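Heads up, the thing below is written out as structure tokens.
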């Protein structure tokens with residue numbers, strides 16, 4: 001028989017263990033260290049010419065400079081970064097960049113035109129996921145060294161295959177794939193002909209404000225101040241910790257164990273309203289939430305049906321009730337914050353009109369349809385709201401929730417009926433989205449290019465023509481106007497129901513200053529950050 | 001001697017067959033899963049040309065059986081392939097994540113055993129008394145409350161509310177990168193490095209997740225111990241022992257307990273194996289870089305090399321622990337020869 005005394009002694013193990021914790025000091029984070037809690041799993045490479053996911057893009061954006069950078073206040077402008085000036089030839093095929101003097105890589109070596117030309121050539125030769133952003137100008141592995149050159153120490157010359165709008169080229173060069181890396185560092189660490197790719201996945205060689213100390217996948221990323229860079233604040237080290245659970249992120253932020261929490265959801269953010277101890281920063285990002293109506297499905301082929309969908313959805317109610325702080329209503333394919341975005345939202349819920357449209361299309365009693373959607377929040381709630389809205393006009397919806405990648409796999413196989421998914425913009429130009437939503441020249445199953453609209457079997461020659469026309473327009477103002485016209489037309493004449501645009505929110509301790517969030521992940525910047 | 005060798009050989013053979021079967025099943029499931037691993041490798045926005053190149057580089061354009069053959073020959077050469085998501089060798093990823101899980105699991109098992117076994121015995125001895133009822137309620141909660149509720153509650157109370165426990169993570173910020181991994185057990189590595197502050201920090205970070213995990217294991221261990229013990233106490237040899245006038249404590253500890261110890265070993269081994277698979281939810285809430293999270297994420301992305309690698313490891317653990325239990329049976333139970 002165990003005596004009560006023995007049992008008590010045995011169970012005393014618990015408090016004894018936790019006693020250890022009482023004696024540890026849990027101080028606030030040191031002043032020269034910025035600690036960020038975020039979901040770090042969405043990245044596979046920190047080589048800026050390879051990585052193509054949002055988290056990796058943000059980190060690369062803080063480690064590398066490009067020739068030019070988007071202006072965060074005015075999306076229609078481009079700021080000089082490594083280049084101090086540029087000119088375009090009259091035929092629109094030769095572009096000359098003058099390099100700013102005095103810039104240095106984190107190794108201390110000066111940034112030269114040679115490095116710039118090498119970097120762009122490297123992006124083309126590696127031909128990884130983001131390469132199309134610059135190879136669309138006609139660069140390829142064979143011509144890279146002749147089309148991208150550094151005739152002297154401060155000049156870089158790019159020769160495009162076809163006449164190119166300067167705006168488009170500049171915006172494309174401002175993407176991470178246009179990052180300038182140190183040639184010597186990359187070649188010193190090259191394995192075979194990988195141009196340093198394996199090494200740069202987990203190391204950095206840039207001229208940005210910070211440099212990479214270590215990346216442990218699904219654990220943490222540590223950045224150090226680039227001693228030779230421009231950074232003026234008091235942060236010596238940025239520690240990004242992989243905290244998956246948003247509730248845990250919030251707790252850590254409130255306790256002062258982290259300075260910034262990046263993945264809080266509406267339910268956590270609601271609780272922070274009116275809380276003076278936490279600052280919130282919100283910025284609309286270039287990611288849209290939309291429904292794609294597959295044109296291989298017969299009942300979804302009538303344009304009246306497309307319209308019925310668009311008038312049936314309760315955009316504003318959904319936004320207000322489900323995602324008030326993390327999404328805004330947006331109905332055009334180019335997200336707000338990008339040049340050429342059309343920010344009017346003409347559609348609102350009008351069930352009578354939607355019903356009438358369905359009847360005109362020959363479906364007075366509606367029909368049955370399946371909607372595939374992501375299982376991660378807020379998608380299930382949004383999907384249910386859509387199900388209820390469409391139910392009111394007689395469309396009986398079956399919801400199929402699945403893991404994000406599974407939905408994408410199905411869409412890429414063109415097997416969905418309707419898919420509720422998201423689309424993120426690749427580079428800071430309207431063409432980034434317009435290209436994939438509008439231009440589909442080969443609608444066959446084994447097409448060699450498979451843009452987003454191909455997945456839903458959508459092909460419209462008029463729209464494609466408008467998109468190409470806007471893309472190649474040399475005059476910047478006319479170009480923007482053409483994009484706006486295109487989006488207005490597209491809204492009414494496409495099987496894509498764009499509903500909302502996501503926002504990124506950073507919840508911060510009050511002593512953190514100068515964090516900037518951009519429209520694209522690669523412009524979320526810590527360059528001006530300091531801690532009081 | 002020859003018989004023993006033979007039995008050893010057949011055991012080894014069955015281990016190999018188990019692992020082989022596991023690898024086939026996991027590999028095939030992975031390949032027929034409706035998730036395209038290429039998306040994980042190059043992203044959803046990549047051009048078709050890049051997608052096709054990546055698919056060929058990953059060998060996914062070949063027939064399933066050829067893919068498996070490649071994989072098998074690779075594994076037999078000790079190469080478990082690369083993870084698409086981390087770009088690391090699966091073996092080195094596992095070497096990084098598994099010790100974190102193992103540390104958690106080992107401490108949790110020790111505590112669950114130290115508390116659960118006596119609790120179970122106590123409940124059995126006092127069958128149907130108030131003590132038994134209370135213990136039953138405690139265990140019931142361990143079976144029915146979802147882990148994340150308890151884990152979050154623990155964080156809210158002890159970390160956010162009282163401020164006596166550290167937050168999620170394995171280490172405090174200031175100790176990050178200070179300790180060179182030797183064994184992968186952070187507590188042991190800290191001791192090895194002679195850094196007492198880091199050791200205390202590591203132990204403090206273990207307290208909450210270990211308590212949560214041990215509570216859930218404890219519920220199971222207690223219930224099983226109680227059941228075994230009740231059974232044992234009904235035995236005639238107990239009546240005999242009591243008739244001899246032995247004290248109640250001697251009857252329970254010296255006569256009844258040894259007979260259930262062997263069964264308990266199996267329970268403990270299985271519990272340990274369960275813990276070693278990685279507790280995904282606990283790891284998520286406590287931001288613990290363990291095997292469970294690694295495996296789940298790989299699975300969601302169709303990143304099959306890590307999935308098969310981890311499955312083989314887990315399979316191996318089960319087989320090894322079963323073997324160990326077998327051996328211990330032989331040592332402790334004179335009826336098994």
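What follows draws every value from the coordinates through simple rules; no lab data is involved. Small disclaimer: the values here were computed from a predicted structure and weren't measured. In this analysis, Cβ positions are derived from the backbone assuming ideal geometry, glycine residues included, and neighbour counts consider all displayed protein chains.
Largest first and in whole Å, give the semi-axes of segment A:184-238's equivalent ellipsoid, each being the square root of 5 times a Cα gyration tensor eigenvalue.
Working through the eigenvalues yields semi-axes of 23, 15, 5 Å.
Taking each pair of distinct Cα atoms in segment A:128-212 once, what is the resulting Kirkwood hydrodynamic radius in Å?
14.5
Estimate the FRET efficiency between residue B:240 and residue B:140 by the formula 1/(1 + (r/R0)^6), using the beta-carbon distance for r and 41 Å for R0, to the nearest 0.05.
Plugging the Cβ-Cβ distance into 1/(1 + (r/R0)^6) gives 0.75.
Given N residues in segment A:489-528, what is Rg(Cα) / (2.2 N^0.38 Å)?
Cα Rg divided by the expected 2.2 N^0.38 Å: 1.83.
Give me a single rounded figure for B:170-177: the average over its residues of other chain Cβ atoms within 10 Å of their Cβ.
So the per-residue partner count for this stretch is 5.
How large is Rg/Rh for segment B:109-265, to two decimals, with Cα atoms and a Kirkwood Rh?
Across segment B:109-265, the Cα-based Rg/Rh ratio is 1.12.
Sort B:62-70, A:135-143, A:500-508, B:78-86 by the packing proxy (mean of other Cβ within 10 Å over each peptide's residues), most packed first.
A:500-508, B:78-86, A:135-143, B:62-70
Taking the alpha-carbon set of segment A:76-130, what are its Rg and Dmax in Å?
Cα-based Rg and Dmax for segment A:76-130 come out at 13.4, 39 Å.
For segment A:337-408, I need the span (max minus min coordinate) of the C-alpha atoms along each principal axis, in Å, sorted largest to smallest.
Computed over segment A:337-408, the largest-to-smallest principal extents equal 35, 34, 18 Å.
Could you check the spin-label model distance between residue A:446 and residue A:388? Points 7 Å from the Cα along Cα→Cβ, value in nm.
In this crude label model, residue A:446 to residue A:388 measures out at 4.8 nm.
Could you bin all the Cα-Cα distances of segment A:328-462 into 10 Å bins starting at 0 and give me the percent of pairs in each, rounded to whole numbers?
11, 30, 42, 17, 0
Ignore the peptide's own chain and count Cβ atoms of other chains within 10 Å of each Cβ in A:41-51; give me the average, rounded.
3
For helix B:291-300, what angle does its Cα long axis make with the longest principal axis of chain B, in degrees from 0 to 90 and rounded to 10?
Compared with the principal axis, the helix lies near 40 degrees.
Need one number: convex hull volume per residue for segment B:286-337, Cα atoms only, in Å³.
Hull volume over Cα atoms, normalised by residue count, gives 97 Å³.
With the radius of gyration and the Kirkwood radius both derived from the Cα set of segment A:63-167, what is their ratio Rg to Rh?
With Rg and the Kirkwood Rh in hand, the quotient comes to 0.95.
So for the protein assembly as shown, what percent of the C-alpha to C-alpha distances run longer than 41 Å?
Within the protein assembly as shown, distances greater than 41 Å cover 44 percent of Cα pairs.
Could you tell me the largest-minus-smallest coordinate of the C-alpha atoms of segment B:69-170 on each of the three principal axes, in descending order and whole angstroms?
Projected onto its principal axes, the Cα set of segment B:69-170 covers 61, 36, 21 Å.
What span do the alpha-carbon atoms of segment B:242-286 cover on each of the three principal axes, reported in whole Å from largest to smallest?
Reported extents, whole Å, longest axis first: 55, 19, 9.
With everything on Cα atoms, drop me the angle between helix B:257-276 and the longest principal axis of chain B, reported from 0 to 90° to the nearest 10.
20
For segment A:210-318, what is the Kirkwood estimate of the hydrodynamic radius, computed as the reciprocal of the mean inverse distance between distinct Cα atoms, to one decimal in Å?
Evaluated over segment A:210-318, this radius sits at 18.5 Å.
With only alpha-carbon atoms counted, please give the Rg and Dmax of segment A:276-392, in Å.
When restricted to the Cα atoms of segment A:276-392, Rg and Dmax are 16.0, 57 Å.
Note down the nm distance, to one decimal, between modelled labels 7 Å out along Cα→Cβ at residue B:231 and at residue A:109.
Result: 7.1 nm between the two label points.
Per 10 Å bin, what percent of the C-alpha pairs of segment B:188-314 does each bin hold, from zero upward?
Each 10 Å bin holds this share of Cα pairs: 11, 25, 25, 20, 13, 5, 0.
Could you give the distance between the Cα centres of segment A:194-223 and segment A:388-443, to the whole Å?
Using only Cα atoms, the two centres lie 33 Å from each other.
Enter the angle in degrees (range 0 to 90, nearest 10) between the Cα long axis of helix B:2-32 and the first principal axis of the Cα atoms of chain B, meaning the one along which they spread out most.
Long axis of B:2-32 versus the principal axis of chain B: about 50 degrees.
For peptide A:122-130, how many partner chain Cβ atoms fall within 10 Å of a residue's Cβ, on average?
Shielding by partners across A:122-130 averages 3.
Over 19 Å, how big is the tail of the calculated P(r) for segment A:402-532, in percent of all Cα pairs?
Summing the P(r) of segment A:402-532 above 19 Å gives 61 percent of all pairs.
Where in segment A:208-222 does the amide nitrogen come within less than 15 Å of the point 7 Å from the Cα of residue B:92, taken along Cα to Cβ?
Taking a point 7 Å out along Cα→Cβ of residue B:92, the residues of segment A:208-222 whose backbone N falls under 15 Å are A:214-218.
Per Stokes-Einstein, at 4 °C and 1.567 mPa s, what whole-number D in µm² s⁻¹ belongs to segment A:463-530, with the Kirkwood radius over Cα pairs as the hydrodynamic radius?
Diffusion coefficient, whole number: 84 µm²/s.
For chain B, taking Cα atoms only, what is the radius of gyration to one decimal and the Dmax to the nearest whole Å?
Spelled out, the Cα radius of gyration and Dmax of chain B are 24.0, 85 Å.
I need the calculated FRET efficiency for the pair residue B:28 and residue A:415, taking r as the beta carbon distance and R₀ as 22 Å, to the nearest 0.05.
E(calc), rounded to 0.05, equals 0.55.
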